[in-house]
Amino acid sequence: MRKDLRFVENFTDKKKASLVSLFGLILLLIGVSAFAQSLPGKLNNDTLKPGLSKIEGAISSLRTDSPFCIDNFQRQLLHEDSIIVSTKFIVKTSDGNFLVPGYYYPNGGIYYKMPYLIKCTPKGNILWSKSYPSRGTFPSNWYTGTRIKELHNGDLLMVGEIGIPGTDDRRDLAAWRLDKNGYLIWAQSYESSLWTDPITGSTEVTGMEEDLSGNIFLSGNLRFFESSKFAFVLKINSSGIVLWDKNYSTKDPLVFGSVLLQNKLLLIGTSGPFSVTSTLQSNLLWCINIDPANGDTISTKSWYADFDQLSSANSFAYANTNVTMLDNGQVSVSGTAHSDFLAFVGQVTDTIRHSIVANFTLDFDFITGIMLASKHATNYYNTVTTQHPNGRISYTRFSENHDLYNEEIIYGNIQNNQVKRERIYHEKNRSSATVSNFLFYQPAEDIVMQSYIDSTTNTGGMEMVRLDDSKISDDCSGADTSLTFVLPYAMQKGTLQIDSIISATMHISNHNFVNQSQGNLSKETGCPLTNPNVHYNPVISLDKNTVICKGTSRQLTVGPGYTQYLWSDGSDAPSILVSDTGIYWVAVTDQNGCKGSDTTSIDSIVPLPFGFLPHDTSACLQGNLTIVPFGSYQQYEWSDFSNGASLTVNLPGSYWLQVTDSNNCVGKDTILVNQIPCLKEFLVPDAFTPNGDGLNDLFKPLLSGNITRYNFAIYNRWGEKVFESSTLRQGWDGKFNGRRLNDGVFVWFCEYQLAGGALKIEKGTVTLIR
């Protein structure tokens, strides 16, 4: 059982190596941790609110590979014949698969290690695996890959360490830039001028960020003799060239991760213990706000656990703490508590706080938090808690039974501050050396990698465990348990003490000379099926309309008949009502345990139709009045329940129209028609003044009634036609061919006909006055 390979290089017997690694880790942790008894203190009962789930490439994992439902096992073994593969940090890729960085080494003989990278589907199918052996140019026998990030252009950046011969176990920071298929683009290594041979030194990267220009920010811990002395940030360009670095000296600093925002880089970690009050010492959880352009410090902020004399025990410990940006715009810090370690080294306590999850604003103001607790001790270094961007919390820990090769491990998840599902697995004939962080796949499935050693075959590898909330409990899927409960977590503001900030210490060391080679990884079923029943996965389809009408809601439904429903908002009903933009998905399970899923998105909120009827009007209504709306619509419904595109009325009153537009949005408008006395049917002024003063500038007849035919013409004294129109509203402005005519008398003729009446011809003269 290998807990930390640095302690077991000279041991080939696995049990002996396991015990040495265990004691070595205890000594290391005692050297860097502060202890206090773990008991209940002041609690804060705020509720964590999970954000809306990001779908991105993970939506593809909802789809089944075939219409058949036979996939009811959840564990896959990934291994090589004579190789042990180890990993602790896995990441999801934009195509919905995931990457497993790590290192491997033979079971016997020389412990020659090299970085290893695997790309898997969520069902455990190996897409490719690569190893990165030394070319022999640099004689190091310590190469490890620890973390990886998918960059904006699809390339991959993996980081780790290289052991430096001739030093007291000094290890340079190593970086490998790879293409999307794992092929090497460049490899580089970096050393710090704060180290001097043969003094030991190492770099542990815990945060990786990329800006829009392709520059990379690596952050983590600069160590001496395994004790962290500096928190560091290293900025390199896309070719691996150092742009700047900063090293922050404080009391035992430990960096948990980083968050890159538009104009600031948040470096988050812990230090201490400090005197936070006149009577209390505790560790600080801190955030250094850094200018990403040049590394200058903008501000600092820190917090400590608010449990009086129990604050130290309820602080974040070093092991497996990480930083996540949540969908709701908050920053999550989740990891192991000191009290979990204290119980591990033998401190007796009734209630053990294993993990802490704390949420902060982007200015790193504390919002709320919880602790995961139980009544049993663990082995500490395999207590892992991950808060996913959607707010769901997944966790694992060992139930310490002191049986080296028959251990028990607990997996569970928390939603809305409640334990949703928890299962315990008996690891028969096997021990887990490390457990990775969790990846979340919709609708409710977590994936975790655990490195293992099989005591019966004396071989090892990795095991992928898929944890689905809807799976039944059995030998493969574990047994349901309820050992974990949730307690509130409270924090108070502290003051961070930075002793010094040292710049320009990192430089390229040119020690990373490697090639890539094909891995030889194979997959086995960890829990084989016996005569599985074959069913068909249900096929469902959600409404794909991408717009929603303002102020309305839409029902998304898949219909009744399924045993389980899970929507993106956590609802378990056959349908949900939505009224905002976003991505919405649903997963269903039928009576056979078969699953179907679908997703839809609402991209925009559109206004309802309005103001489509003319303004209120007055008419003598001697004939009919036709009301015509502005624009065209899919459906019309008038106040008389007719469905035409216009409405003809002959009585005064209020008339309404309800329309449905092309987005299926419904709007309603009203027009008021007033009755006025009818004027003489035909009136013509005898003079007009087209001088542009807005008064009497146009000459035209005034006609009332329902006009069915109309023509109006004007002639000068020589019988030349200077104006003609068949449009009732159009009048003469005193111009002819664009030229202003002089004062004078003109002759007009008008031909018109009212509905149901005879054709009439009128004539007369008009005087144009300038």
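What to note about this one:
- Every residue from the stretch 548-587 that is in a loop (DSSP other than H, G, I, E, B), touching a residue at least 60 places away in the same chain (Cβ under 8 Å) and on the phi > 0 side of the Ramachandran plot: Gly570
- Enumerated strands (runs of 3 or more DSSP E) restricted to the stretch 341-398, each holding at least 3 residues that are within 26 Å of the chain's Cα centre (by Cα) and under 23 Å from Gly478 (Cα atoms): 384-387
- Unique residue being out of contact with any Pro (no Cβ under 7 Å at 6 or more places or on another chain) and either of a type in the set (Val, Ile, Thr) or at pLDDT 95 or above (or both) when the list is Ser339, Ser355, Ser374: Ser355
- Single match in Lys544, Lys471, Lys550 (criterion: more than 30 Å from Tyr183 (Cα to Cα), of a type in the set (Lys, Arg) and out of contact with any strand residue (DSSP E or B) (no Cβ under 6 Å at 6 or more places or on another chain)): Lys471
- Residue count for the stretch 124-150, restricted to those that are in a loop (DSSP other than H, G, I, E, B) and closer than 15 Å to Ile90 by Cα: 1
- Flag for Ser725 being touching a Phe, Trp or Tyr at 6+ places or on another chain (Cβ under 6 Å), at negative phi and open to solvent by less than 60 Å² (accessible area, probe 1.4 Å): yes
- All positions within the stretch 229-248 that are surrounded by fewer than 22 Cβ atoms within 10 Å (Cβ to Cβ) and either modelled with pLDDT under 95 or within 25 Å of the chain's Cα centre (by Cα) (or both): Lys229, Ser238
- Residue match in the stretch 286-299 (condition: farther than 18 Å from Gln497 by Cβ, charged (D, E, K, R) and either assigned to a loop (DSSP other than H, G, I, E, B) or open to solvent by less than 10 Å² (accessible area, probe 1.4 Å) (or both)): yes
- Whenever a residue of the stretch 258-280 is more than 26 Å from Gly329 (Cβ to Cβ) and in contact (Cβ under 8 Å) with a residue 60 or more places away in the chain, its partners that are open to solvent by 10 Å² or more (accessible area, probe 1.4 Å) and assigned to a strand (DSSP E or B), lying with C-beta atoms within less than 7 angstrom and at least six residues away or across chains, give the pairs Ser271/Asn283; Gly272/Asn283; Pro273/Gln281; Pro273/Asn283; Phe274/Gln281; Val276/Tyr304; Val276/Gly494.
- Of the residues Gly154, Gly102, Gly160, the single one that is within 30 Å of the chain's Cα centre (by Cα), modelled with pLDDT of 90 or more, part of a strand (DSSP E or B) and not charged (D, E, K, R) is Gly160.
- Here the stretch 190-214 is the region considered, the condition is being part of a loop (DSSP other than H, G, I, E, B) and in contact (Cβ under 8 Å) with a residue 60 or more places away in the chain, and the residue that is most open to solvent (accessible area, probe 1.4 Å) is Leu212.
- Residue check, Gly160 farther than 18 Å from Phe217 by Cβ and out of contact with any helix residue (DSSP H, G or I) (no Cβ under 9 Å at 6 or more places or on another chain): no
- When Ile498, Ile447 are checked against the criterion of being in a strand (DSSP E or B) and either out of contact with any Asp or Glu (no Cβ under 7 Å at 6 or more places or on another chain) or among the hydrophobic types (A, V, I, L, M, F, W, C) (or both), Ile447 stands alone in meeting it.
- Any chance Thr648 is over 51 Å from the mean Cα position of the chain (by Cα) and open to solvent by 60 Å² or more (accessible area, probe 1.4 Å): yes
- Residues (hydroxyl-bearing (Ser, Thr, Tyr) and either within 60 Å of the chain's Cα centre (by Cα) or part of a strand (DSSP E or B) (or both)) located in the stretch 702-756: Thr708, Tyr710, Tyr715, Ser725, Tyr752
Each row is one residue, and each column tells you yes or no for (1) basic (Lys, Arg); (2) surrounded by fewer than 22 Cβ atoms within 10 Å (Cβ to Cβ); (3) closer than 30 Å to Gly346 by Cα.
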residue: Arg397; (1), (2), (3): yes, no, yes
residue: Glu422; (1), (2), (3): no, yes, yes
residue: Ser431; (1), (2), (3): no, no, yes
residue: Pro443; (1), (2), (3): no, no, no
residue: Ser455; (1), (2), (3): no, yes, yes
residue: Ser470; (1), (2), (3): no, yes, no
residue: Thr484; (1), (2), (3): no, yes, yes
residue: Pro488; (1), (2), (3): no, yes, yes
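- Each residue in the stretch 345-367 was checked for being of a type in the set (Phe, Trp, Tyr) and crowded, with 24+ Cβ neighbours inside 10 Å, and 1 of them qualify.
- Per the listing His402, His388, His426, the residue uniquely at pLDDT 95 or above and either open to solvent by less than 40 Å² (accessible area, probe 1.4 Å) or not basic (Lys, Arg) (or both) is His388.
- Residue match in the stretch 313-333 (condition: free of Cβ contacts under 8 Å to residues at least 24 places away in the same chain, on the phi > 0 side of the Ramachandran plot and open to solvent by 20 Å² or more (accessible area, probe 1.4 Å)): no
- Looking only at residues in the stretch 651-672 that are open to solvent by less than 30 Å² (accessible area, probe 1.4 Å) and not charged (D, E, K, R), the one that is nearest to Val547 (Cα to Cα) is Cys665.
- Strands (runs of 3 or more DSSP E) fully within the stretch 588-692 counting 1 or more residues that are in contact with a Lys or Arg (Cβ under 7 Å, 6 or more places away or on another chain): 595-602, 604-606, 653-660
- Residue match in the stretch 690-708 (condition: open to solvent by 70 Å² or more (accessible area, probe 1.4 Å), touching a residue at least 24 places away in the same chain (Cβ under 8 Å) and closer than 30 Å to Ser639 by Cα): yes
Table: residues versus (1) surrounded by fewer than 21 Cβ atoms within 10 Å (Cβ to Cβ); (2) within 31 Å of the chain's Cα centre (by Cα); (3) farther than 26 Å from Asp179 by Cα; (4) at pLDDT 75 or above.
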| site | (1), (2), (3), (4) |
| --- | --- |
| Lys54 | yes, yes, no, no |
| Gly57 | yes, yes, no, no |
| Leu78 | no, yes, no, yes |
| Ser94 | yes, yes, no, yes |
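- The residues listed here are Thr557, Thr495; of these, the one that is open to solvent by 60 Å² or more (accessible area, probe 1.4 Å), closer than 29 Å to Asn413 by Cα, touching a strand residue (DSSP E or B) at 6+ places or on another chain (Cβ under 8 Å) and β-branched (Val, Ile, Thr) is Thr557.
The values are calculated or read from the model by the stated rules, or taken from the named source; none is laboratory data. Just so it is clear, the structure is predicted and the values come from calculations on it, not from any experiment. All Cβ positions, even for glycine, are placed from backbone atoms using ideal geometry, and neighbour counts span all protein chains on display. Keep in mind that these areas ignore ligands, DNA and RNA; they rest on the heavy atoms of the full protein, side chains included. Shrake-Rupley method; radii C 1.70, N 1.55, O 1.52, S 1.80 Å.
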